[in-house]
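Take a look at the structure set out below.
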Amino acid sequence: MALERFKNFLGIMGNLFRIGGPDGKNIKNKTNTIDFRNTADDDYVGVRAAHIGVGANANDVATQFNLKARAADIEFQFDGNTPPDPGDNTGKFGICHTTGGGSTAGEVYYDDGTSLILIPTEVCTMITTRTAIGGSLQLSANSVYVLEGSTWVNKSVGSSTVQVIEIPYSYSNFPSTISSSKIVPAGSRILKVTNVVDVAFPVGNPTLRVVVDGTSDLEIMSTSENSQKKAGVYDVEEVFKVATSNTGPISVILGGTAMSGGPGTVYVTYTTSTWT
């Protein structure tokens, strides 16, 4: 086996340097650039490099992966204390919604099938959300966010981001609580709550109450503002501001019993927009 040979070598006077023998690739000196060329010097060749990492310099070369991560489409979320296993979301970007276990809320990760790769903020400064993000970090679904400092700020197009949560129920749900999968984020305004009783629940003593189910519940429809005993449309059009302690899903609390009747549906209309 021949030993590798090393010597001091500064450069050449020519503008073309070939690597890999007669059929190798060329590094070419051009005015203001370095080109990577094929053997015949009549076309460019691909160049591969490491992904940009944390603390990268503004002049570092970006890879295709970095370009994809530039505006990551978030498809999964996790608590830092209980991250998903690599391979659970192969080929997808995710976000940490609660700090823990070495991960910080707001950090974006990519699951390459074998590991969760942290995407540095030098690369990822914009994300889109497929679903609502719920935890200490609260982001709305189907929205565009831009990183300002260390905060993800909603930059979605349009002056209004009105959304409606729909929760159906029937007599068999009494007594129980039905909660939405969507989280109503802090700063939202509840604009309207509607309980549609299609068919009265004539037997028993059914009641219905609606809250934003946070650490501190925000009641947005009381039992006295609707009746399950008579078919009708019951509206509450008071505006409620959702504080940080109120952040959570919409919960329909069904009390008492109902032996027949229904169905019914609760609609909660809210906006994440703010006006000054």
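Magnitude of the charge dipole for segment 162-271, about its Cα centre and with charges confined to Cβ atoms of Lys, Arg (+1) and Asp, Glu (-1), is about 40 debye. Summing Cβ point charges (Lys, Arg +1; Asp, Glu -1) relative to the Cα centre of the chain gives a dipole of roughly 480 debye. If you bin all the Cα-Cα distances of segment 162-271 at 5 Å, starting from zero, the percentages per bin are 2, 14, 25, 25, 16, 10, 5, 1. So, counting K/R as plus one and D/E as minus one, what does the shell of residues with Cβ under 11 Å around Tyr270 add up to? Local charge sum for Tyr270: +4.
The mean sequence separation of alpha-carbon pairs under 8 Å and at least six residues apart, normalised by the residue count of segment 139-276, gives a relative contact order of 40 percent. Name the residues whose placed amide hydrogens come within less than 5 Å of the amide hydrogen of Ala56, ignoring near sequence neighbours (fewer than 5 apart) on the same chain. Answer set, sorted by chain and number: none. Label-to-label distance, Ser181 versus Ser136, with points set 7 angstrom from Cα along the beta-carbon direction: 2.6 nm.
Cross-link list Lys7/Lys28; Lys182/Lys241; Lys30/Lys68; Lys155/Lys241; Lys92/Lys241: which exceed 27 angstrom alpha carbon to alpha carbon? Distance filter (> 27 Å) returns Lys30/Lys68; Lys92/Lys241.
For the chain, the relative contact order comes to 15 percent (Cα pairs under 8 Å, sequence separation of at least 6). Taking label points 7 Å from Cα along the Cα-to-Cβ direction, Lys230 and Arg48 give a separation of 7.4 nm.
Across segment 51-93, the residues whose backbone nitrogen lies under 17 Å from the label position 7 Å along the beta-carbon direction of Ile19 are 51, 61-63. Charge tally for Ala243 (other residues, Cβ to Cβ under 12 Å; Lys, Arg +1; Asp, Glu -1): +1. Each Lys and Arg Cβ is given +1 and each Asp and Glu Cβ -1; about its Cα centre, segment 64-154 then shows a dipole of about 220 debye.
Calculated mean residue ellipticity, 222 nm, the chain: -500 deg cm²/dmol, from DSSP H runs (n ≥ 4) at -39500 (n - 2.57) each, averaged per residue and rounded to 500. Here the peptides 97-103, 24-30, 185-191 are ranked by packing, the mean other Cβ count within 10 Å, and the order with the highest first is 185-191, 97-103, 24-30. Spatially, segment 44-97 and segment 102-141 are offset by 9 Å when compared through their Cα centroids. Distances between placed amide hydrogens fall under 5 Å for Arg130 paired with Ile74, Asn142, all partners being 5 or more residues away or on another chain.
Neighbours of Thr114, meaning other residues whose beta-carbon lies under 15 angstrom from its beta-carbon, give a summed charge of -3 when Lys and Arg score +1 and Asp and Glu score -1. Distance between the 7 Å Cα→Cβ label points at Ala56 and Thr125: 1.2 nm. Choose one of Pro202, Met221, Asn246: the residue whose Cα lies farthest towards the positive end of the charge dipole of segment 193-250 (beta-carbon charges +1 Lys, Arg; -1 Asp, Glu; about the Cα centre). After comparing all options, I get Pro202. Applying 1/(1 + (r/R0)^6) with R0 = 30 Å to the Cβ-Cβ distance of Ser222 and Thr269, what FRET efficiency is obtained, to the nearest 0.05? For Ser222 and Thr269, the calculated efficiency is 0.95. The listed peptides 227-238, 209-220, 113-124, 12-23, ordered by packing as a protection proxy, come out as 209-220, 113-124, 227-238, 12-23 (highest mean of other Cβ atoms within 10 Å first). Between amide H atoms placed 1.01 Å from N, distances below 5 Å from Thr161 occur with Thr272, Ser273, all of them 5 or more places distant or on a separate chain. Along each principal axis, taking the top coordinate minus the bottom one, the Cα set of the chain gives 95, 48, 34 Å in descending order. Extension gain, Asp73 to Val239, is 56.5 nm, computed as 0.36 nm per intervening residue step minus the present C-alpha separation.
Values in this text are rule-based calculations from the coordinates and carry no lab data. Note that this is a predicted model, so its numbers are computed, not measured. So basically every Cβ, Gly included, is an ideal-geometry build from the backbone, and we count neighbours across all protein chains shown.
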